[in-house]
Amino acid sequence: QKEVEQDPGPLSVPEGAIVSLNCTYSNSAFQYFMWYRQYSRKGPELLMYTYSSGNKEDGRFTAQVDKSSKYISLFIRDSQPSDSATYLCAMSQISNSGYALNFGKGTSLLVTP
Amino acid sequence: DTAVSQTPKYLVTQMGNDKSIKCEQNLGHDTMYWYKQDSKKFLKIMFSYNNKELIINETVPNRFSPKSPDKAHLNLHINSLELGDSAVYFCASRGGTSNTQYFGPGTRLTVL
């Protein structure tokens, strides 16, 4: 079993829809949780960062972490065609691991006009 | 100014050759990383340096050798390239106690 599981999709939604992206993980030592967005042939771009459990909101994006269920989510409100990309969840342990990120395989999202 | 830059962006080479990829960050961060993204888009850590010291060395063939001349630069040298080395290699950097890592644009390596 991989440490981080993410449904690869693809996920296709109409413009304006609410998008829900999820990851599950098995390592209870993970404390830092991130979502990255990657456009085709580009580097991953940090979207959201959360330490431990809780919610975080930034504009149209909301990240949720439920450590008891080992489950993280990213919600995108009022989705736009420009949101079409691959979304990667990533997580890491505290500093003695060098903070190396463990990634999910990414979910491909297509927002159609 | 680009925060994390990599050169070259594309690298096409023959099996058996030796090649290097360079990475530079202007964020003042102490820690830099190399990740490999395979054909299925899965990103996996390879190496990490903190202030020129190797702190992560995952199970990577010893044909891959990272070098950090200073904390702003982390290079990756690959000897005797194999077909399976074809991938996109990303450099990233991290500063302070935050775990936010910033990625470069990637180097797409194709081994023929």
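Things to note:
- When B:Thr107 is tested against (1) closer than 26 Å to A:Ile94 by Cα; (2) within 11 Å of another protein chain (Cβ to nearest Cβ); (3) touching a residue at least 40 places away in the same chain (Cβ under 8 Å), exactly one condition is not met: (1).
- Answer from B:Ser20, B:Ser65, B:Ser39, B:Ser80 - the residue that is free of Cβ contacts under 8 Å to residues at least 24 places away in the same chain and more than 10 Å from every other protein chain (Cβ to nearest Cβ): B:Ser65
- Of the residues making up the range A:10-42, those that are within 11 Å of chain B (Cβ to nearest Cβ) and assigned to a loop (DSSP other than H, G, I, E, B) are A:Phe30, A:Gln31, A:Tyr39, A:Ser40, A:Arg41, A:Lys42.
- Check on A:Glu3, within 28 Å of B:Pro8 (Cα to Cα), in contact with a strand residue (DSSP E or B) (Cβ under 6 Å, 6 or more places away or on another chain) and surrounded by fewer than 18 Cβ atoms within 10 Å (Cβ to Cβ): no
- Scanning the range B:6-49 for residues that are among the small types (Gly, Ala, Ser) and within 21 Å of A:Leu88 (Cβ to Cβ) returns B:Ser39, B:Ser48.
- Checking each residue in the range B:42-59 for being facing another protein chain (nearest Cβ under 10 Å), assigned to a loop (DSSP other than H, G, I, E, B) and surrounded by fewer than 16 Cβ atoms within 10 Å (Cβ to Cβ) picks out only B:Glu58.
- Enumeration of residues in the range A:65-106 that are assigned to a loop (DSSP other than H, G, I, E, B), at the interface with chain B (Cβ under 10 Å from one of its Cβ atoms), crowded, with 18+ Cβ neighbours inside 10 Å and over 11 Å from the mean Cα position of the chain (by Cα): A:Gly98, A:Tyr99, A:Ala100, A:Leu101
Residue by residue, here is whether (1) of a type in the set (Ser, Thr, Tyr); (2) within 27 Å of A:Lys105 (Cβ to Cβ); (3) more than 12 Å from the chain's Cα centre (by Cα) holds:
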{"position": "B:Met15", "(1), (2), (3)": "no, no, yes"}
{"position": "B:Ser68", "(1), (2), (3)": "yes, no, no"}
{"position": "B:Leu76", "(1), (2), (3)": "no, yes, no"}
{"position": "B:Asn79", "(1), (2), (3)": "no, no, yes"}
{"position": "B:Leu83", "(1), (2), (3)": "no, yes, yes"}
{"position": "B:Thr110", "(1), (2), (3)": "yes, yes, yes"}
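- You will find that of A:Glu3, A:Glu57, A:Glu45, the residue that is acidic (Asp, Glu) and farther than 28 Å from B:Trp34 by Cα is A:Glu57 and no other.
- A:Leu109 vs. criteria of a type outside the set (S, T, N, Q), more than 10 Å from chain B (Cβ to nearest Cβ) and under 18 Å from B:Phe42 (Cβ atoms): yes
Since every read-out is calculated from the coordinates, none of them should be taken as a lab result. Note that this is a predicted model, so its numbers are computed, not measured. Counting neighbours? That spans all protein chains shown, and the Cβs are built from the backbone with ideal geometry, glycine included.
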